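What follows is calculated from the coordinates using simple rules that are stated; it is not laboratory data. Note that this is a predicted model, so its numbers are computed, not measured. Glycine also receives a Cβ, built like all others from the backbone with ideal geometry; neighbour counts cover every protein chain displayed.
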Amino acid sequence: MSDVAQDFLVSTHLLFGWGASGRTASLVQDLGTRCFIVTTAGTTHRTNLLRGLMDELELVGCACSVFDRVTPNPTVSEMEEARTMALDFGADVILGVGGGSSLDTAKAVSLGVTHGGPLWDYRIGGSRSVNGSMLPVVTVNTTAGTGSQVSPVAVFTNEDTHSKMAIVDRKLCPAFGVIDPALTLSVPPRVTAATGFDVFAHAFESIIHVNHSPLVDRLAWDTLGLVAQYLPRAVAQGDDQAAREAMAIADTWAGICITNVGTVLPHGIAMAVGGQVSTVMHGEALAAVYPAVLRYSCSAVVEPLARLYEILEAALSLPLKDTLLSAVDKARRCPDLIELFLQRIGLPDRLSQLGLSEDLIDPIVRGTFQLPDYRNNPRVPTHSELMQLLEASFRV
């Protein structure tokens, strides 16, 4: 229990349900008449979603311009290019369509259109801060992973310095978040697994964060239950509607969790990995370091790990269960179940499986210490401990 009063922020107006994306144009119409759409080439080429949204926007009198060059780890140059296009177009509302990268870029463009100076300067620890109003942002999710539709965060990479950082400010929370599980039915297994494990990490890290909240803890445990039960189903059978809906709910809940608490060491490491190798999906990087990080942190989070062990044990339907295990034994064995869960959803549990070289350990360590996540871990690593942890993440 906490004896300190805590805030609980849910700033985004959410529209959730099958077919919810059909109401996107009316939401945008209420906010502006010149809509700048931010998305990926994949959204443009693989689906009719974007064309349909543009047709609906034009019917309600909204002019549209599209930036469709967002990459899985969006870069500073991409965001600056999109910002310039939005300014030239005279945008008064931003629509992000796609996964977390598109949504994060949409939020950064909203900031960039209304604030001067390089966007990189607004990162955590940068020289500028958000000091005025921003353009309204509407988001339409096509994956269930980052929780960007409810978060005050925009993540981006500086390709010159290989640094992956974030802009964080409550004004970055979208005005509206449209969550239509139907849009996730065609997401391929690998992306489903990677984005889904990000949901898992958001929920669990908000629980073990040093500033965790009772309000968030309850939501996070429910989220973990959904992910443990439904993510393997969504990976195995992409058109499983119950699984897709559950993951859409879990993604949103987990986004609310990290908005109100934050993330810890695994996210810091995964961000550093993404800064070094842009082709690695964030959820894959998380999966590759999670077993080693939990083994390192175990002594400081026995009760949460023991409870997570029970959730995973039930979800994995293991043939042999030891009902006499102590909480300490469950906590120690929990990383083993994480590895089994990752195998079930087809994600690597070590960095070497992502094609990374151990030569990257030093820059990953430096990148991890540039972000605040490691300081909020229940056990804070020294430089040498983080080196050893990463070595274990390559060789486990």
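Across all directions of projection, what mean area in square nanometres is found for the Cα convex hull of region 13-183?
8.8 nm²
Residue 95's amide H: which non-local residues (gap 5+, or another chain) put their own amide H closer than 5 Å, with H modeled 1.01 Å from N in plane and none for Pro or chain starts?
36, 37, 38, 138
Please pull out the direction-averaged projected area of region 188-395, using the convex hull of its alpha-carbon atoms, in nm² to one decimal place.
10.8 nm²
In what order do 57, 325 fall by count of nearby beta-carbon atoms within 10 Å, going from fewest to most?
Ordered from fewest to most neighbouring Cβ atoms within 10 Å, 57, 325 come out as 325, 57.
Rounded to a whole number of µm²/s, how large is the Stokes-Einstein D of region 108-171 at 4 °C and 1.567 mPa s, given Rh as the Kirkwood radius over C-alpha pairs?
Calculated translational D: 102 µm²/s.
Using 0.36 nm times the number of residues separating residue 84 and residue 357, minus their current alpha carbon distance, what extension gain do you get?
Contour length minus the Cα-Cα distance gives 94.6 nm.
Where is the GNM fluctuation largest for the chain (alpha-carbon springs, 10 angstrom cutoff): 369, 197, 156?
Comparing 369, 197, 156 in a Gaussian network model of the chain, the most mobile one is 369.
What's the local net charge at residue 262, with K and R +1, D and E -1, over the other residues with C-beta under 11 Å away?
Computed value for this residue: -1.
Provide the per-residue ³J(HN,Hα) series for region 102-117, in order, calculated from phi with Karplus coefficients 6.51, -1.76, 1.60 and θ = phi - 60°, each as a whole number of Hz, with x at glycine and proline positions.
5, 5, 5, 5, 4, 5, 5, 5, 4, 5, x, 5, 9, 10, x, x
In region 1-109, how does Rg compare with the Kirkwood Rh, expressed as the Rg/Rh ratio over alpha carbon atoms?
Here the Rg-to-Rh quotient is 1.05.
Rank by packing, highest mean first: peptides 65-78, 18-31, with packing defined as the count of other Cβ atoms within 10 Å averaged across residues.
Highest to lowest by the protection proxy: 65-78, 18-31.
What Kirkwood hydrodynamic radius, in Å, does the chain give when the mean of 1/r is taken over all pairs of distinct Cα atoms and then inverted?
It is 21.1 Å.
Taking a label point 7 Å from the Cα of residue 131 along the Cα→Cβ vector, which residues of region 168-193 have an amide N closer than 12 Å to it?
none
How charged is the neighbourhood of residue 167? Take every other residue with its Cβ under 11 Å from the Cβ of residue 167, and add Lys/Arg as +1 and Asp/Glu as -1.
Value of the local net charge: +1.
Taking 0.36 nm per intervening residue step and subtracting the Cα-Cα distance, what contour gain separates residue 48 from residue 190 on full extension?
Once the chain is fully extended between residue 48 and residue 190, it gains 48.9 nm.
To the nearest µm²/s, what D does Stokes-Einstein give for region 266-332 at 20 °C and 1.002 mPa s, using the Kirkwood radius over alpha carbon pairs as Rh?
159 µm²/s
What net charge is computed for the residues neighbouring residue 234, neighbours being all others with C-beta under 10 Å from the C-beta of residue 234, Lys and Arg scored +1, Asp and Glu -1?
With Lys, Arg at +1 and Asp, Glu at -1, the neighbours total -1.
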